[in-house]
Amino acid sequence: MNTRRLLGLDILKEKYRYANDPQFGHMSAQKIPDRWVKTTCGYCSVGCGMLIGVKDGQAVSVRGDEEHPVNAGKLCPKGLSEHYTLRADGRLRQPLLRKNGKLEPVSWPEALEALVTNFRAVQAKHGREALGVISTGQLLTEEFYALGKLVQLGFRTRNYCGNTTLCMAAAAAGYKRSFGSDGPPGAYQDFETADVIFLIGANIADNHPILCQHVERNKAKHLVVVDPRVSKTAMLANTYLPIAPRTDIALLNGMLHVLIREDLIDHAYIAAHTNGFAELAASVAKYTPEFVAQITTLSPQQIVDAALLFGRAERPFLAWTMGVNHSSQGAETVNAICNLSLVRGKVGLSGASPFSITGQCNAMGTREAGFTSSLPGYRKFESAEDRAELAALWNVDVETIPSARGLAYPDIIEAMVKKQVRALWIIATNPLVSFPNQGLLRQAMGELDFLVVQDGYHPTPTTELAHLVLPAAIWGEKEGTYTNSERRVSKANRAVDPPGQARTDFDIFLLIAGRLGVKDSLFPNWTGPKDAFEEWRRVSAGRLCDYSGITYELLDREGAIQWPYREGDPIEVTRLYANGVFQFPDGKAKRIPIEWLPFPEQPNERFPFVLNTGRTVEHWHTRTKTGRVEILEFMSPKAWLEMNPHDAEKLGLRPHDQVDVVSRRGRVREVELRITAIVGPGQVFLPFHYAEFNSNFLTQSAFDPISREPNFKQSAVRVEKSGVQR
Ligand code: SF4
């Protein structure tokens, strides 16, 4: 504090002065811009519309877009402070190349030369698939589309995946198995029209806060929250079901058992639109309320009541997120949810769908266009017809289109340990915080011949390890589209220039393509993201995720639009499968029997607690961005461990004690203890955002065999007072 302020001569009048903005009226004078630029939030998949205020070439404020159908002008704390990420400390301004062990600034030509020469050398020596690529859910759809072509057809490696495998792979795989294709059937409007809403493993109050306003608008709803932790969302529920960790499949099967027993199922729909009902019915015969009660720790009556609530609802809506997906049975849990929805025969009707709430702002875009777990447009690697169609659209030899997907994210890491993948390109993600079992990951990173990290910031734990760091523009500095959880395509626009020599990811991909010699064949006459979008419109035409009628001009004029959207379609809320026709050849959905299994690492005497991990509203993923935003850091500066009062008493621990959390794989030191009945006895909760208290030193290498999503939750741990190790 300066002397004038201390003496009361400076009352910060200038800082707190108000003035009139022509668009928004009375507001802080410092935040009144020269112009407002419409865009979409770059954090989570809710996809809120916003405006960035730009003054003298700098972003000085953001406002929620009152006309946007998703958020009607509201933003959560991350969105409200998003402009600070643009001029935060640590923005990367030029390429860095490791020389004599140190990262040193280099020119773009030198950086591109290093990338292409090293990748080619590794591929020449160890085979094309010795190059791995791990991207993100944070890029624009145009960038994902360009990157997929560059990696699969330019570098000719299939070992390409995204950090979306750490959050949404289970949902994508589950939809493919039940409905024949990825693609969430529902819409946010369903939160408003449903009479019963089941939120399963979905703490939307922290993770997708603006969705709460859709739930709140529905005054007639009965909200059921299924979660082992009394999350902020559970506190909003009419009915809270505190199930034991990872017992959701048992609950869902138990509900299905009751629906069949009480004949609360739609026989005509099941016969006309689904396969496999007899097998499914047989598989849930043993899931009586009494049997399920033993597994879930709910009472038999709670299970019956939940089933009857769902079975008697006119519009029953089931939504889920990471509590379901972060599981070695994630895809199967999604199938169990879809099974329940299908027997009511209302999939795709207003207020009545199984609905995955996605994680990142454009996880959907990479699923649709990204060329990782599917070919673009939800085409299948294994379909000769799909490959031929794509080759014709791209005017490339069909043999260049892979007929099977390559390694998924965890399998790329495992291949690094085995020295099969020798070079890695990481784009807009930070595995040195976010990937489970960090000990193994660090060993894998150490085996690489060449590591390239492309990011907006440096240092991060991952950029610090790189041989080459490429400086990328971030949200607010580039143009393109995001698709949110309800398939709504929204425009993101460039408000300010990237710092220094940072380039958009799109430009970087085209520069690399040029240096690789594939620019003209893969990206003919492309100069900007609109060229990619125009091609994507043609490639998606006729597919489930049909963008053919969506144009930049239409998005600018009409706002965000849901796919599928063909030219001339009315702009309205859309849902999938309302006609009962699914994406399998016979048009029928699959009803897949699912067995509940105990989670892989059970607690024991040495490690008696079940560790749950999750988020807090103030932070985003590994805090690369939000850790640099003062207000968010101020609100939530460090991790904490939640423990039930009974357990704390047994261990002689007191509130605010510093504790170490220990698993078979590692130790997180000096976490502040919060003693609270929010977590049940035998469970503890640690947020996963904090590199300094990284929960992934504790988590295990256990992955869903179907989707390859990690089992981030339910690791067995013990808790010790710091400095008093056993
Ligand atoms: S809810 Fe998600 S999309 Fe909306 S402002 Fe917050 S972080 Fe951004």
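A few remarks follow.
- Straight-distance candidates among the aspartates and glutamates for linking to K74, with alpha-carbon spacing under 14 Å and chain neighbours fewer than 8 residues away dropped: D65, E66, E82, E216.
- Within the range 547-629: Cβ-based charge dipole about Cα centre, in debye rounded to nearest 20 (Lys, Arg +1; Asp, Glu -1): 320
- A Cβ-based charge dipole, computed about the Cα centre of the range 581-726 with Lys and Arg at +1 and Asp and Glu at -1, lands at about 280 debye.
- Cα-Cα over 23 Å, subset of K176/K588; K176/K530; K221/K588: K176/K530; K221/K588
- The apolar share of the surface of the range 154-212, taken as the fraction of accessible area on carbon and sulfur atoms (1.4 Å probe, ligands and nucleic acids excluded), comes to 45 percent.
- Over all other residues within a Cβ to Cβ distance under 15 Å of V433, the charged ones net out to +3, with Lys and Arg as +1 and Asp and Glu as -1.
- Helices in the chain that qualify as membrane-span-like (whole DSSP H runs, Cα extent of at least 24 Å along the helix axis, mean Kyte-Doolittle hydropathy of -1.0 or higher) are 108-126.
- D266-H646 pseudo-label distance in nm [points 7 Å out on the Cα-to-Cβ vector]: 4.2
- 1.4 Å probe accessible area per residue over the range 1-143, in Å²: 50
- Percentage relative contact order, the range 383-452, counting C-alpha pairs under 8 Å, at least six apart: 30
- Difference of contour (0.36 nm per residue) and Cα-Cα distance, T400 to E534: 46.0 nm
- Each residue, Q23 and Q501, gets one label point 7 Å from its Cα in the Cβ direction; the gap between the two is 3.4 nm.
- Maximal additional length on extending the K102-K125 stretch stands at 5.7 nm, based on 0.36 nm per residue less the C-alpha distance.
- Modelled label reach - A391, point 7 Å along Cα→Cβ, the range 356-379 residues with backbone N closer than 16 Å: 375-376
- Separation between Cα centres of the range 703-722 and the range 59-102, rounded to whole Å: 31
- Whole-Å distance, taken between Cα centres, linking the range 539-598 and the range 314-333: 20
- Calculated P(r) of the chain - Cα pairs past 32 Å, %: 52
- Charge dipole of the range 88-130 (Cα centre as origin; +1 on each Lys and Arg Cβ, -1 on each Asp and Glu Cβ, all else neutral): 100 debye, rounded to the nearest 20.
- Computed lengthening from T676 to D586, 0.36 nm per intervening residue step minus Cα-Cα distance: 27.2 nm
- Positive-end extreme of charge dipole, the range 583-650 - chosen from T613, V629, A589 (charges on Cβ): A589
- In this calculation the C-beta distance from N275 to L554 is compared with R0 = 25 Å, giving a FRET efficiency of 0.05.
- On a per residue basis, the range 570-677 carries 50 Å² of accessible surface, using protein heavy atoms and a 1.4 Å probe.
- Here K219 is the anchor, and the aspartates and glutamates within straight C-alpha reach of less than 18 Å, apart from those fewer than 8 places off in the same chain, are D190, E192, D195, E314.
- Label positions at I571 and K721, each projected 7 Å from the Cα along the C-beta direction, are separated by 6.3 nm.
- Alpha-carbon centroid distance for the pair the range 128-177 / the range 189-213, whole angstrom: 28
- Cross-link reach list, lysines versus K125, counting only Cα pairs under 19 Å and skipping chain neighbours closer than eight places: K418, K419
- Residues of the range 576-601 with amide N under 16 Å of a point placed 7 Å along Cα→Cβ from A384: none
The values are calculated or read from the model by the stated rules, or taken from the named source; none is laboratory data. Model, not experiment: these values are computed from the prediction. As a convention, Cβ positions derive from the backbone with ideal geometry for all residues, glycine included, and neighbour counts pool all protein chains shown. Remember, those area values only see protein heavy atoms, side chains included, never the ligands or the DNA or RNA. Shrake-Rupley method; radii C 1.70, N 1.55, O 1.52, S 1.80 Å.
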